[in-house]
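The values are calculated or read from the model by the stated rules, or taken from the named source; none is laboratory data. The structure presented is a predicted model; accordingly, all values stated were derived computationally and were not measured. Please note: Cβ atoms are built from the backbone with ideal geometry, for glycine as well, and neighbour counts cover all protein chains shown. Heavy atoms of the whole protein, side chains included, go into the accessibility calculation; ligands, DNA and RNA do not. Shrake-Rupley method; radii C 1.70, N 1.55, O 1.52, S 1.80 Å.
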Amino acid sequence: MPSATLSVTRPSIPSSIPNLPQVLQTPSGLALVEIQGTLHLSTTSSSSSDPLGRLVFEKSTVWLYIGNHQRMEGAVVDLKPPVGLLRRQITDDGKGEHGAPDGEAVEIVEVIRKKIVFSTRPEPLVQDVSFRRS
Amino acid sequence: MAQEITLYPDTSKISHFHLLQLTPDIQQLLDSPDETSHLTIKSAGPTSPIFLCSYSKTFRIRQISQSNTILMVSASRSKNYTDDQDTQMDDIAEQDGEEEVEAEAPVGYLSQLPGSILECTSSSPQVDLSFVPLYNGADALSTTSSSSSSSTSLHLNEIKSQIPVSDYEFANEWAAALGVELPHGGAFRLSRDFVQQFLPVFVAAVSADRLDLERLEVARVFEAVKEEDEPVAVVEALLRRFSRTREEPYCVDREGIARWFGIQTLSDHAYKETKLGDFLSTWHASLPQPLDYPPCSLSLLTGHYVQPTPKTIRYLPCDRLPLEPAARFERLFAAKGAWAVEEIMPFVEGIERDKARVNALFMKFARKKSVAGKTVITKRGT
């Protein structure tokens, strides 16, 4: 019968994102972002050096800037109920870190109670006006 | 003042992450060290439902699809959360740190999570132990399976690993099914015939030795039935099954004995109804003497019978009905066309306990009618 052990990991060293609002600070430094639509993340390592965009927190509003030409307006909301972030662990030899019989173990690495929701359409953005004039 | 985070993509190992809804039940579970030490995700097979089992509780896990995109922002790349790491990405991150990212320009790494959330709902244990061989006495070890033999006997741990329920619930179901693990290692269920023969002897011997039925010890009872030449494990399995306590000293459950004999008597009428009066007489006569039992009342057999007419009865075990609501209602209406609400409830509670949702099931798969001022549940379209 397929089975996996499930453990709960309590991060001992906080690794929060600097400047992330306090409500989003979690012990592992994780936050959830939800957007309507699809965000195409590049899978090539070369493109991973380029910034994807920016998250800007202004009082109760959060802006998500994607590239230089689009932005979305969002807000921080409570997750009801909260969610646990599960991570599957599979070692190279097929045995789980916790000795699961099927070589698999799962751990809850974080409990997340807030998320940033972007429920509006992206707004077009004209950023470099001087460039366009020239 | 606005706070700003520069986002970089992190595409490594995202498939290893899932989101699990932490309902109050699950949060309570995670706060209890006794329960979390036994947490296991189990399934009976690759295509079977998945269950989250703690020490004493079982939750069914369902995958709820999300139309929105769910992303995770982390303070670091997935290095801390994955087993191996793309070192090239590390190099890039270091370069970023030196050349572009200053202390006042924090960085977050964005990765996409699977487009679904795992939802846990409390689940009643669905334990099918019918594959466990039957025990018919020390002299006649036999099995129900045509291919089984002593060389293929099952061990308790093997059986336990095939049942996706918590340890505590398994122990209860194993005891209820009269499960026994014999000294040579084989695990069996005491057969109906064996119990019907041995339990009267057992009760008579215990009564003859004037043992305290409220405080029975395995060793004393074993001594009382020693002449029967049955293993002590069999004696203990019987005590555990027909006791109100889970451990020694065992306290004889007279109502439980009466119920068990009632169900066995009723199971002879699985395909054809019988007269209620005849059934009650047979049931009463089958009870092992000389104990006093509660009156043989149908309330003891709730969820095991249907009365096609007020004067007839037929065996209909709730735990053998389909779990899928449509199929279950079909079976119920095949057994009886119109049910009183209190009659049908034990059969519906097996798949749904919430009263509002039970009503929704009635609306969807049946029809509520008022007949002579009484609400009855009938098949749709009748």
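Take the stretch B:265-284 and flag every residue that is in contact (Cβ under 8 Å) with a residue 24 or more places away in the chain, more than 15 Å from B:R320 (Cβ to Cβ) and within 26 Å of the chain's Cα centre (by Cα). The one that is in contact (Cβ under 8 Å) with a residue 24 or more places away in the chain, more than 15 Å from B:R320 (Cβ to Cβ) and within 26 Å of the chain's Cα centre (by Cα): B:D268.
Results for (1) within 16 Å of B:Q307 (Cβ to Cβ); (2) surrounded by fewer than 17 Cβ atoms within 10 Å (Cβ to Cβ); (3) at pLDDT 85 or above, shown as yes or no for each residue.
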residue	(1), (2), (3)
B:A340	yes, yes, yes
B:I344	yes, no, yes
B:G350	no, yes, no
B:A372	no, yes, no
B:I377	yes, no, yes
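Within the set B:R314, B:R331, the sole residue that is under 20 Å from B:T265 (Cα atoms), in contact with a Leu (Cβ under 9 Å, 6 or more places away or on another chain) and either at pLDDT 85 or above or among the polar types (S, T, N, Q) (or both) turns out to be B:R314. One residue stands out among those in the stretch A:107-122 that are aliphatic (A, V, I, L, M) and modelled with pLDDT of 85 or more: the one that is farthest from A:T61 (Cα to Cα), which is A:I108.
Let's see how each residue does on (1) of a type in the set (V, I, T); (2) facing chain A (nearest Cβ under 7 Å):
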residue: B:P9; (1), (2): no, yes
residue: B:H18; (1), (2): no, yes
residue: B:L22; (1), (2): no, yes
residue: B:D25; (1), (2): no, no
residue: B:T36; (1), (2): yes, yes
residue: B:P46; (1), (2): no, yes
residue: B:I50; (1), (2): yes, no
residue: B:S74; (1), (2): no, yes
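Quick one: in the stretch B:301-336, of everything that is under 21 Å from the mean Cα position of the chain (by Cα) and closer than 25 Å to B:F198 by Cα, which residue is surrounded by the fewest Cβ atoms within 10 Å (Cβ to Cβ)? Once the filter is applied, the top-ranked residue is B:P317.
Does the stretch B:262-278 contain at least one residue that is of a type in the set (F, W, Y), out of contact with any Pro (no Cβ under 8 Å at 6 or more places or on another chain) and crowded, with 16+ Cβ neighbours inside 10 Å? No, the stretch B:262-278 has no match at all.
Set side by side, the residues B:E255, B:E228, B:E173 differ, and just one is open to solvent by 30 Å² or more (accessible area, probe 1.4 Å) and farther than 25 Å from B:L300 by Cβ, which is B:E228. Here is the figure for the stretch B:241-250: residues that are in contact (Cβ under 8 Å) with a residue 12 or more places away in the chain and open to solvent by 70 Å² or more (accessible area, probe 1.4 Å) total 3.
Against the conditions (1) open to solvent by less than 50 Å² (accessible area, probe 1.4 Å); (2) over 30 Å from B:I61 (Cβ atoms); (3) modelled with pLDDT under 85, B:L178 satisfies every one except (3).
Looking only at residues of the stretch B:191-226 that are closer than 17 Å to B:D139 by Cβ and not in a helix (DSSP H, G or I), we find that the one that is modelled with the highest pLDDT is B:S191. Scanning the stretch B:110-128 for residues that are buried (at least 18 other Cβ atoms within 10 Å of the Cβ), outside any strand (DSSP E or B) and within 12 Å of another protein chain (Cβ to nearest Cβ) yields a single hit, B:L113. Among the residues that make up the stretch B:140-147, is at least one of them at pLDDT 80 or above and β-branched (V, I, T)? No, there is no match, as no residue in the stretch B:140-147 is at pLDDT 80 or above and β-branched (V, I, T). Checking the stated criteria, A:L20 turns out to be facing chain B (nearest Cβ under 7 Å) and either assigned to a loop (DSSP other than H, G, I, E, B) or at pLDDT below 80 (or both).
B:F188 satisfies every condition listed in (1) part of a strand (DSSP E or B); (2) open to solvent by 40 Å² or more (accessible area, probe 1.4 Å) except (2). Mind checking whether some residue in the stretch B:285-304 is of a type outside the set (S, T, Y), free of Cβ contacts under 8 Å to residues at least 12 places away in the same chain and farther than 30 Å from B:D253 by Cβ? Within the stretch B:285-304, none of the residues are of a type outside the set (S, T, Y), free of Cβ contacts under 8 Å to residues at least 12 places away in the same chain and farther than 30 Å from B:D253 by Cβ.
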